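Data first, discussion second: the structure below is written as structure tokens.
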Amino acid sequence: MGRMSFVGRRLLQLVPVAVGVTIVVFFMIHLIPGDPALTILGIHATPRSVAELRGEWGLNRPLISQYWLFLDRLGHGNLGKSLIYGTPAATLIRQRLPATLWLIVYAAVIAIVISVPLAMIAATRKDGIRDHVVRAVPLLGLGMPTFWVGYLLILAFGLDLRWFPVGGYGSGFLGHLHYMFLPALTVAIALAPVVIRSLRASMLSVLGADYITTARSKGVPGMRLFVRHVLRNAVIPAITVLGINIGFLIGGTVIIENVFAIPGIGQLMITSIFQRDFPVVQGVTLVFAVMVVLVNLLADMTYAALDPRVSFDR
């Protein structure tokens, strides 16, 4: 029961965060200057349509009553109805969510594949030429805007070499891998430098530990020593860094999905903002917030599972 109670405590700690998210999402409508119903309907606003929208959204009620109505609908999975598509916002989000999840997971995997070998090279050659190169070169990707990196990859590998498609989502597992490689690589290039620096620092700390010296004195082979002892212990602090930065990059996928024409919820959000489809904007914002919270919860759980010093019973 120790692990389950640990999860339960973490979930309870997320309750205030969830309440805060619902408040922010709810007030998105009320931050619109003037009458929200009139602003949302725009040129199509008539006295009758404005009155109907106010009644449907409860805008003619007191503010606290509107918030409870919002929570009640949210509890029933009702995120409102799209003003443009005429379908429930939850349906639109559910249809587009897989593409966004694919992008996030794919980018995280590529970032790990890039970061682990480079961090190992840097840690084993501290203050050497390779160490300086590994630490300096990835910072170029961190310093450039992600959409600019995306355009460079499109020009190089999509238009010139024609190795990868420059837009779309593909179909089937292999199709998704092929179509989503460039956008995932774009996100990974922004994520990898932070992970490399964190993992390198952790590896250097572990390499100086007494048990590593003892293992070397016993003749443990270099690669086995690094994989079983150094990497296993060094990856624990890097998990927290990876989780936090994936949380930040979830919001960044909004831009990448539009650069590569990926039919995800990021592209849906941008389109809905320009079309003033606020029920969809509210729904996507809420989903992004939940994803960030869940990523951080997963990072905490992974950290606790890998680190024997963390007790599930405490």
For this session: Count charges around residue 26 for me, please; just the other residues with Cβ under 15 Å from its Cβ, Lys/Arg as +1, Asp/Glu as -1.
Result: +1
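If you take the square roots of the eigenvalues of the alpha-carbon gyration tensor of region 54-187 and sort them as a ≥ b ≥ c, do you get rounded (a/c under 1.5), prolate (a/b over b/c) or oblate?
Numbers: a/c = 3.10, a/b = 2.04, b/c = 1.52.
Verdict is prolate for region 54-187.
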Seminar exercise, completed: The FRET efficiency for residue 178 and residue 140, from their Cβ-Cβ distance with R0 = 25 Å and rounded to 0.05, is 0.45
Exercise. Each label point is 7 Å from the Cα along the Cα-to-Cβ direction; what then is the distance between the points at residue 152 and residue 19, in nm?
Worked result: 4.6 nm
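FYI, it's all coordinate maths here, none of it is from the lab. Predicted model, so just to flag it, every value in this text is computed and none were measured. No Cβ is skipped: glycine too gets one built from the backbone with ideal geometry, and neighbour counts run over all protein chains shown.
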